[in-house]
Amino acid sequence: MVVENYPQLKSNENFLRLQDELAGTENRIAVERRRYNETVQDYNTFIALFPNSLVASMGGFTRNDAYFKTEEGARQVPKVSFGAPSATPQPAPAKP
């Protein structure tokens with residue numbers, strides 16, 4: 001009986017591993033997005049402080065407002081389907 005259930009157990013382990021990898025990837029993206037935004041903020045603060053502001057203005061350094069922004073829908077968890085692929089509709093034949 002254990003031998004019969006082995007394929008099911010194996011696929012379940014693979015699915016759980018995939019879920020962990022997806023969650024880990026999302027976490028890494030969020031961490032790097034936060035680091036990027038913090039770096040942009042640090043840069044803006046640095047060039048605004050005296051005497052850095054004098055050197056920055058002579059060197060042509062300007063405020064950077066290229067913060068990483070996400071759309072509201074992008075914060076939702078993507079839906080992953082492992083079911084059978086749905087049949088794609090065939091185009092209707094052209095009428096003569």
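The values are calculated or read from the model by the stated rules, or taken from the named source; none is laboratory data. It should be emphasised that the depicted structure is a prediction, and the values quoted were computed from it without experimental measurement. Cβ sites come from the backbone with ideal geometry, for glycine too, and all protein chains shown count toward neighbours. Calculation scope for accessible area: heavy atoms of the full protein, side chains included, ligands and nucleic acids excluded. Shrake-Rupley method; radii C 1.70, N 1.55, O 1.52, S 1.80 Å.
Values for this structure:
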| item | result |
| --- | --- |
| Accessible area (Å², per residue) of region 13-60, counting only protein heavy atoms and a probe of 1.4 Å | 78 |
| Peptide ranges 33-46, 13-26 listed from the most packed, as the mean C-beta count within 10 angstrom indicates | 33-46, 13-26 |
| Full-stretch length increase - Phe61, Val40 - with 0.36 nm per residue and alpha-carbon distance subtracted | 6.3 nm |
